[in-house]
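Q: What follows is a single structure, and I will ask about it in a moment.
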Amino acid sequence: MTSVADTARLRGRLLEHEPMAKHTSWRVGGLADHVFIPADIEDLSLFLHSLPAGQPVYWLGLGSNLLVRDGGIRGTVIATSGTLSGLRMTSETEVRVEAGVASAKVARFTVAHGLTGAQFLCGIPGTIGGALAMNAGAFGGETWDIVDSVETIDRHGQLRMRGPADYNIGYRRVEGPEDEWFVAAHLRLRKGDVADGKARIRSLLARRSQTQPVQMPNAGSIFKNPTGNYAARLIEDCGLKGVCEGDACVSEVHANFIVNRGQARAADIERLIDRVREHVERAKGVTLELEVRIVGEP
Ligand SMILES: Cc1cc2nc3c(=O)[nH]c(=O)nc-3n(C[C@H](O)[C@H](O)[C@H](O)COP(=O)(O)OP(=O)(O)OC[C@H]3O[C@@H](n4cnc5c(N)ncnc54)[C@H](O)[C@@H]3O)c2cc1C
């Protein structure tokens, strides 16, 4: 353990040779050398400060947008889910939420406090940290629409406050300072009606369960929608629904989802992603851009 960081003063947990399949919604992925689960932001700061320079760092929320290759991760994964879990009102319309809080919890919490604007987060099965990194969105709402400011941490454990102007933000795209990650967000919402908010959440969740393969492990949309089109429509038009590589299959329910039928390996999923992309490019002349993030060693 000491090869990773001076752990004597740390209060979090440092796991070695941790199977990433336990931490990703696809249920695939090899071993990470180390996974650090900080006790809180201060502990995380201490950890990063004492981590030897050159030691690669990866961030993990709920792994719902992540393909970790079968060879795993050489370096240290910082896991925020289940920890960094602070969530509180800071004014009548503002909320401070730490990176490890589930997006769905933020939707429910804000509605319960009579606020509107974050309901779209209810069906996105990740953390707020992941939602900030991806500019996650659904049903017309996007994460950064409601961000007032963020708290970040860098490779040395230095904490900062930043505003949206510090980032280049687009559709499922957030570019900001290198080697700096989100530890909390301050969300600004509007006053709303509790019953309306709850009804909106119910209707959004119902639409999801009809249109997405919710029973089988998946990572949501594989590709971003190209301008003026839908990735799912292009893939379906190519007749690729149900096509498989090993146990990884293009979903019959939603063509932009790949499901793990049981024993898929990351390599099967990656081969299927490449196959779908090449087929769509050949048949439709459209190059699909990945939404899912791929990390690790083959
Ligand atoms: C069934 C299903 C439905 C989905 N529906 C939607 C949808 O409607 N809209 C949508 O946008 N997405 C959707 N997704 C994708 C996914 O849930 C979102 O992208 C989510 O925001 C990812 O959060 P996460 O915590 O799981 O991130 P992870 O998958 O753990 O990580 C995703 C990326 O974010 C980075 N990251 C994580 N935490 C931090 C942090 N604190 N600071 C900096 N970087 C960080 C990771 O390094 C990685 O690059 C869906 C996924 C599934 C499985």
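No lab work stands behind these numbers, since they all come straight from the coordinates. Please read all numbers here as calculations on a predicted model, not as lab measurements. We place every Cβ from the backbone using ideal geometry, glycine too, and count neighbours over all the protein chains shown.
Q: Enumerate the calculated ³J(HN,Hα) couplings along the stretch 220-229 in order (Karplus 6.51 cos²θ - 1.76 cosθ + 1.60, θ = phi - 60°), each rounded to whole Hz, writing x wherever the residue is Gly or Pro.
A: Coupling constants for the stretch 220-229: x, 5, 6, 10, 6, 6, x, 3, x, 8 Hz.
Q: Going from the alpha-carbon gyration tensor of the stretch 214-275, what semi-axes, largest first and in whole Å, does one get by taking the root of 5 times each eigenvalue?
A: Working: eigenvalues 73, 25, 22 Å².
Here the semi-axes work out to 19, 11, 10 Å.
Q: Just order 187-197, 126-136, 267-277 by mean Cβ neighbour count inside 10 Å, highest at the front, would you?
A: Going from most to least packed, we get 126-136, 267-277, 187-197.
Q: Using alpha carbons only, what's the Rg to Rh ratio of the chain with Rh from Kirkwood?
A: 0.97
Q: Binning every alpha carbon pair distance of the stretch 127-183 at 5 Å from zero, what are the percents per bin?
A: So the P(r) values, bin by bin, are 4, 18, 33, 27, 12, 4, 1, 0.
Q: Could you calculate the FRET efficiency of Y230 with R202 from 1/(1 + (r/R0)^6), where r is the beta carbon distance between them and R0 is 22 Å, rounded to 0.05?
A: Efficiency, from the Cβ-Cβ distance: 0.30.
Q: Can you tell me the mean projection area, over all orientations, of the convex hull of the stretch 1-138's alpha carbons? Units nm², please.
A: Mean shadow area of the hull around the Cα atoms is 8.7 nm².
Q: Separate question: Over all directions, how big on average is the projection of the convex hull of the alpha-carbon atoms in the stretch 113-225, in square nanometres?
A: Spelled out: convex hull of the Cα atoms, projected over all directions, averaged, 8.3 nm².
Q: Name the long-range amide H neighbours of I294: under 5 Å, sequence gap of 5 or more, or other chain; modelled H, no Pro or chain starts.
A: L67
Q: Evaluate Rg over Rh across the stretch 2-46, taking Cα atoms for both radii and Kirkwood's formula for Rh.
A: The Rg/Rh ratio comes out at 1.05.
Q: May I pose another question? What dipole magnitude, in Debye to the nearest 20, does the stretch 88-152 give about its Cα centre under +1 on Lys/Arg Cβ and -1 on Asp/Glu Cβ?
A: Rounded to the nearest 20 debye, it is 280 debye.
Q: Working out 0.36 nm times the residue gap between A195 and R282, then minus their Cα-Cα distance, what length gain in nm do you get to one decimal?
A: On the way: separation 87, 0.36 × 87 = 31.32 nm, distance 4.90 nm.
Roughly 26.4 nm would be gained on extension.
Q: So which residue, out of A199, A79, A248, gets the largest mean-square fluctuation from a GNM of the chain using Cα contacts under 10 Å as springs?
A: With Cα springs under 10 Å in the chain, the top fluctuation among A199, A79, A248 is at A199.
Q: Further question on the same structure: What order do you get for 155-163, 106-114 when each peptide is scored by the mean count of other beta carbon atoms within 10 Å, highest first? Don't jump to the answer; show the numbers that get you there.
A: Details: 155-163: 13.4, 106-114: 19.7.
Listed from highest to lowest mean packing, they are 106-114, 155-163.
Q: Which Cys residues of the chain have no other Cys beta carbon under 4.7 Å away?
A: C122, C238
Q: Please figure out what share of the DSSP beta bridges in the chain is antiparallel and state it in percent, rounded to the nearest 5.
A: Close to 80 percent.
Q: Contact order normalised by length for the stretch 245-298, with contacts defined as Cα pairs under 8 Å and 6 or more residues apart; what percent is it?
A: Worked out over the stretch 245-298, it gives 27 percent.
Q: Quick one: what are the phi-derived ³J(HN,Hα) couplings along the stretch 170-181, Karplus 6.51/-1.76/1.60 with θ = phi - 60°, whole Hz, x for glycine and proline?
A: Ordered by residue, 3J(HN,Hα) equals x, 5, 6, 8, 9, 10, x, x, 4, 6, 9, 10 Hz.
Q: Ok, one more. Please report, for the Cα atoms of the stretch 43-111, the Rg to one decimal and the Dmax as a whole number; what are they, in angstrom?
A: Calculated on Cα positions, Rg and Dmax stand at 15.3, 48 Å.
Q: Now, a different point. Mind listing the long-range amide H neighbours of G126? Cut-off is under 5 Å, sequence gap 5 or more, other chains count too, H placed in the peptide plane at 1.01 Å from N.
A: Result for G126 returns S103, A104.
Q: How high is the relative contact order of the stretch 1-160, in percent, counting Cα pairs under 8 Å that sit 6 or more residues apart?
A: Values: 319 pairs, mean separation 31.2, N = 160.
Relative CO of the stretch 1-160 lands at 20 percent.
Q: Along the stretch 285-298, what does the Karplus equation 6.51 cos²θ - 1.76 cosθ + 1.60 (θ = phi - 60°) give for ³J(HN,Hα), rounded to whole Hz, x for Gly and Pro?
A: Going residue by residue, I get x, 10, 8, 7, 9, 5, 9, 5, 9, 10, 9, x, 9, x Hz, with x marking Gly and Pro.
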